[in-house]
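Below you'll find the structure, written out as structure tokens, and then a few comments.
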Amino acid sequence: MAQNLRTITIVEDDLALGANYREAFEREGYAVTLHASREAALSAMANGLPDLVIIDVNLGSDVEGGFELCRSLRSQSDTLPIIFLTARDSEFDAISGLRLGADDYLTKDITLPHLLARVAALFRRQQVLQSQHEQTPSKLQRGALTIDENSFSVDWNAQRVDLTLTEYWLVYALARHPGHVKNRQQLMDAANTVLDDNTITSHIKRIRKKFVALDADFDEIETVYGMGYRWRAG
Amino acid sequence: MSYIRETETALRDAQADFLASLATGMAANVQPSLADQHGAEYVFRLSRAPLLDGFVDDWLTGVAPRPVGLGEVAVQMQLGEYEGGLWLYVETAPWRDRAVTLQFDCTAEGRSETDERKVRYELTPEAPGRFTIPSGSYHPSINGIWSEGSQRNRIEARLPLQVCGVAFAFSIRIVEQTVSSAVLPKVDTAAIGSTPAERLPAPARLIRHNPQIEQQLDRALPLGVDRFVVNANGWRITQITGSRPGSNDVRADSSLLRALYRRIIGDSEPTLMIDDAEPRITEEPIVSALSGKPAQSRARDSAGRITTVAATPLKSGNVVTGALVLRQDTAAILSLNNPSVLKLTQRTVFVTAAVVGLLLAWATWISWRIRRLARAAGSALDSQGQLSNALPGQSARDEIGILARDFSTLLERVGEQQQWLRSLADKLSHELRTPMAVVQSSLDNLREASLTVAQLPLHERASSGVARLHAILNAMSQANRAEQTVADAEYEVIDLTALMTQLTMAYQQTFTTHQWRSDIETNVRVYGNADLLVQLLDKVVDNAVSFSPADECLEVQLVRRDADGDPVADITVTNFGASLPPGDPRKLFQTMVTQRSGDDTGTPHLGFGLYIAALITHAHQGVIEARDVTVEDRPGVAVRIRLPRHAAT
């Protein structure tokens with residue numbers, strides 16, 4: 001990956017944490033720019049957008065600064081991958097962030113290896129989306145469900161289901177072995193993230209809603225009380 | 001009231017004064033005769049002629065015969081007069097099988113006191129029955145009857161008053177019958193007034209009604225004034241009852257009301273009572289009058305009327321020869337008879353009662369409001385410290401309204417405080433998360449750098465410490481997030497049987513260190529959120545498992561019940577081998593309360609598990625409680641969750 005020399009901008013008001021992230025990403029061969037405030041980040045990015053942005057929601061006294069920044073960046077580019085990294089873990093914040101067009105929403109509990117893996121996966125998806133036609137798609141077909149493992153995209157009845165990366169991993173983990181119950185820990189591992197039970201539940205809920213929005217009869221993700229979830233077999 | 005009382009007192013005093021002056025005025029014209037002074041035996045004035053039948057009932061004197069006499073035989077006697085006849089009634093112990101001689105000694109009026117004529121009648125009746133004692137040629141005879149009873153012998157006789165009007169003695173002599181028929185007279189028993197003539201001279205002088213005084217008293221007097229004259233010894237020698245027109249009507253219709261009014265105006269009833277039937281009066285004010293001083297007082301008569309009595313002495317020179325007594329019913333002047341006063345009193349009583357009633361109602365209303373407020377304030381904060389509902393009566397403008405508003409403000413502040421405390425953990429975890437992330441990422445970076453072999457274990461330890469801190473932070477914010485989740489949850493009808501069955505199977509696979517027993521009733525539905533219910537059971541089971549030693553039994557039960565008529569579903573999770581800590585078991589369900597003494601697993605326990613369980617239960621309108629149980633002599637703890645059942649089941 002080092003030869004790609006992709007650029008990452010980190011907007012984090014905690015300089016020590018930001019420096020740690022920068023160090024880790026630089027070790028992986030990324031070029032990292034670190035900003036402590038929304039204004040600084042915006043003025044720096046006015047000259048050109050990086051390949052990926054990691055934003056802390058709470059930027060010092062600018063409590064919702066991360067959301068604001070996300071909004072303005074999204075207005076500049078539809079494809080720029082944006083990851084929210086935050087100490088907040090409430091569902092409400094996650095929904096707000098994702099609604100603003102962030103590609104993922106991670107809490108600061110995440111370990112550096114996990115974070116690096118997520119960023120790498122996002123870049124991969126980015127790359128695949130950009131050069132989709134060149135690739136031989138590696139697809140997974142489960143009834144009306146189609147998963148493109150290269151582009152990390154999911155289709156239901158040939159309609160694109162707009163999933164975040166975390167949601168994609170969850171669907172992928174469930175649909176790969178229909179009928180097999182995946183417990184929460186397995187799902188967490190699949191999504192490369194540390195989430196508590198509640199968050200898994202709300203992710204599943206949101207995934208169901210996204211599918212139901214396309215197909216009112218969607219009922220493929222089954223809850224097995226006390227165990228976890230499974231993709232309905234057959 | 002005091003006005004009525006004063007009026008009443010004034011009228012009563014006026015009445016007493018009036019009676020007293022009337023008595024004084026009349027006393028000058030009344031003079032008891034000398035004969036009236038010396039009497040010893042009272043003669044009742046009879047209202048009609050009694051039947052000669054041996055019974056005294058028809059005399060209607062109202063007084064029982066008086067015990068008299070000396071000697072061994074108890075004797076009761078009464079005398080009465082009616083139209084020229086002197087009636088004698090005698091009751092003695094029986095003299096069965098003994099012959100008696102009845103002896104009547106009569107003294108008639110003569111031209112002077114020394115000229116009194118004495119006559120003696122004697123009879124030795126052979127058997128009980130009627131008798132007639134014929135006398136000498138010019139004396140009227142005596143008719144009588146002797147009836148013998150098992151307890152008493154009775155003699156009733158009519159004597160001629162013209163012969164016996166001044167003094168009278170009656171004696172019974174028992175004649176002992178010996179074997180030889182010789183009859184020896186023997187004075188044996190009591191005589192009336194005196195023993196027989198041979199021994200004691202004067203028969204008892206009679207106290208008789210004095211018709212002359214009656215004439216003197218018989219003048220126009222105000223209505224309802226009773227007059228009577230007593231002799232120096234208090235014996236009644238004249239009695240005229242005043243007419244009482246009309247006054248009875250007033251009394252009859254409202255005696256109860258009157259008694260009430262009397263009580264209200266503080267009018268006590270007199271304790272003094274003058275009995276009309278008693279021949280001798282020994283009460284005030286007569287006693288006072290007989291000692292020479294006019295006096296008045298209030299007294300009850302034998303009909304129960306409250307009267308004013310005025311007595312004034314009758315004097316012959318300096319000697320008191322008797323007393324004139326005037327008596328009038330106070331009802332005649334009672335101001336309550338005055339219609340306007342009566343009306344005033346009635347209105348006063350009515351208004352007072354109405355005001356008292358209103359005050360009472362008002363006080364009741366106020367106390368009800370205060371009680372309601374107190375009750376609401378007492379239960380305003382639920383066991384989770386949340387303000388459950390608004391206090392009643394806050395819109396009222398009075399002091400209780402102010403109190404309710406103040407209370408409400410206070411409770412709101414307490415609620416806010418509680419809210420803040422509860423969110424503190426969440427805030428704290430949030431604030432700690434960034435520095436934690438710094439440590440975490442620093443450690444991660446450090447690991448990528450070249451660490452010496454000696455540094456590696458140190459890095460390991462630091463990493464595990466951070467991991468534990470992460471877990472603690474998650475647990476801390478979990479409670480608050482659970483509250484949010486509960487608040488946002490969507491509810492639907494859930495097949496609790498299926499849910500519990502799946503869960504129990506899952507638990508059996510997860511916690512293989514324990515034995516599992518389950519008893520789940522079919523077709524139980526509740527209205528709720530499945531995810532929350534799963535979480536609830538997870539928490540309770542997790543708690544049960546952690547308190548139960550390995551290989552112990554865990555029991556999961558689902559039963560349908562009716563609690564006070566409402567259909568409910570009871571979920572019970574029982575673990576054996578442990579019991580509840582001392583203290584209020586409800587505290588277990590409060591946040592930050594843990595019953596664990598030490599932490600041997602490395603997993604943080606902040607008491608959130610049961611708190612979240614309680615939170616979810618309450619969100620489902622349920623009740624959660626823990627109690628000690630003993631099944632087959634094994635102690636255990638049962639946590640019961642009672643949820644309202646869905647109506648269809």
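The values are calculated or read from the model by the stated rules, or taken from the named source; none is laboratory data. Here the structure is a predicted model, which is why all the values come from computation and not from measurement. FYI the Cβ positions are ideal-geometry reconstructions off the backbone, even for glycines, and counts take in every protein chain you see. Heads up: the accessible areas ignore ligands, DNA and RNA and are worked out on the full protein's heavy atoms, side chains in. Shrake-Rupley method; radii C 1.70, N 1.55, O 1.52, S 1.80 Å.
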* **Unmet criterion (only one of (1) within 14 Å of chain A (Cβ to nearest Cβ); (2) of a type in the set (A, V, I, L, M, F, W, C); (3) open to solvent by 50 Å² or more (accessible area, probe 1.4 Å)) for B:Ala550** => (1)
* Structure fact -> Those residues of segment B:298-329 that are small (Gly, Ala, Ser) and assigned to a loop (DSSP other than H, G, I, E, B) come to a total of 4
* **Of all residues in segment B:23-56 being at pLDDT 75 or above and of a type in the set (Asp, Glu), the one that is most open to solvent (accessible area, probe 1.4 Å)** => B:Asp53
* Please indicate, with yes or no, whether at least one residue in segment B:527-545 is in a loop (DSSP other than H, G, I, E, B) and among the aliphatic types (A, V, I, L, M). => no
* Subset of segment B:117-159 [among the aliphatic types (A, V, I, L, M) and touching a residue at least 60 places away in the same chain (Cβ under 8 Å)] -> B:Ile145, B:Ile155, B:Ala157, B:Leu159
* To do: Return yes when B:Leu499 is within 18 Å of A:Met227 (Cα to Cα) and either touching a residue at least 40 places away in the same chain (Cβ under 8 Å) or away from every other protein chain (no Cβ under 14 Å) (or both) and no when it is not.
  => no
* One residue from B:Arg251, B:Arg263, B:Arg219, B:Arg244 being closer than 30 Å to B:Leu314 by Cα, within 49 Å of the chain's Cα centre (by Cα), at pLDDT below 75 and open to solvent by 50 Å² or more (accessible area, probe 1.4 Å) -> B:Arg244
* Give the residues of segment A:12-38 that are closer than 24 Å to B:Glu431 by Cβ and more than 14 Å from chain B (Cβ to nearest Cβ), sorted by residue number. => A:His35, A:Ser37, A:Arg38
* Members of segment B:278-319 found to be open to solvent by 60 Å² or more (accessible area, probe 1.4 Å) and on the phi > 0 side of the Ramachandran plot, listed by number -> B:Gly317
* Residues that are within 14 Å of chain A (Cβ to nearest Cβ), open to solvent by 50 Å² or more (accessible area, probe 1.4 Å) and touching a strand residue (DSSP E or B) at 6+ places or on another chain (Cβ under 6 Å), drawn from segment B:510-540 -> B:Ser518
* Can you name the residue in segment A:206-234 that is more than 24 Å from A:Gln185 (Cβ to Cβ) and not in a loop (DSSP other than H, G, I, E, B) and is also most open to solvent (accessible area, probe 1.4 Å) among such residues? -> A:Ala213
* Asked: What about B:Leu391, is it more than 56 Å from the chain's Cα centre (by Cα), open to solvent by less than 70 Å² (accessible area, probe 1.4 Å) and more than 14 Å from chain A (Cβ to nearest Cβ)?
  -> no
* **Scope segment A:81-105; condition outside any loop (DSSP other than H, G, I, E, B) and modelled with pLDDT of 80 or more; matching residues** => A:Ile82, A:Ile83, A:Phe84, A:Leu85
* Asked: How many residues, within segment B:479-509, are surrounded by fewer than 16 Cβ atoms within 10 Å (Cβ to Cβ) and among the polar types (S, T, N, Q)?
  -> 2
* To do: From B:Ala475, B:Ala449, B:Ala482, grab the single residue that is at the interface with chain A (Cβ under 10 Å from one of its Cβ atoms) and under 60 Å from the mean Cα position of the chain (by Cα).
  => B:Ala482
* Asked: Inside segment B:472-491, can you point out the residues that are charged (D, E, K, R) and touching a residue at least 24 places away in the same chain (Cβ under 8 Å)?
  -> B:Arg481, B:Glu483, B:Glu490
* Structure fact -> Cβ pairs under 7 Å, 6+ apart or interchain, first in segment B:456-471 and in a helix (DSSP H, G or I), second of a type in the set (Ser, Thr, Tyr) and loosely packed, with under 12 Cβ neighbours inside 10 Å, ordered by first then second residue, are B:Ala471/B:Thr603
* Asked: Name the residues in segment A:45-65 that are touching a helix residue (DSSP H, G or I) at 6+ places or on another chain (Cβ under 8 Å) and modelled with pLDDT under 85, would you?
  -> A:Val57, A:Asn58, A:Leu59, A:Asp62, A:Gly65
* From the options B:Ala544, B:Ala578, residue that is under 14 Å from B:Val639 (Cβ atoms), modelled with pLDDT under 85 and small (Gly, Ala, Ser) -> B:Ala578
* Structure fact -> Counting only residues in segment B:415-438 that are more than 17 Å from B:Met476 (Cβ to Cβ) and either open to solvent by 60 Å² or more (accessible area, probe 1.4 Å) or modelled with pLDDT of 85 or more (or both), the one farthest from the other protein chains (Cβ to nearest Cβ) is identified as B:Gln417
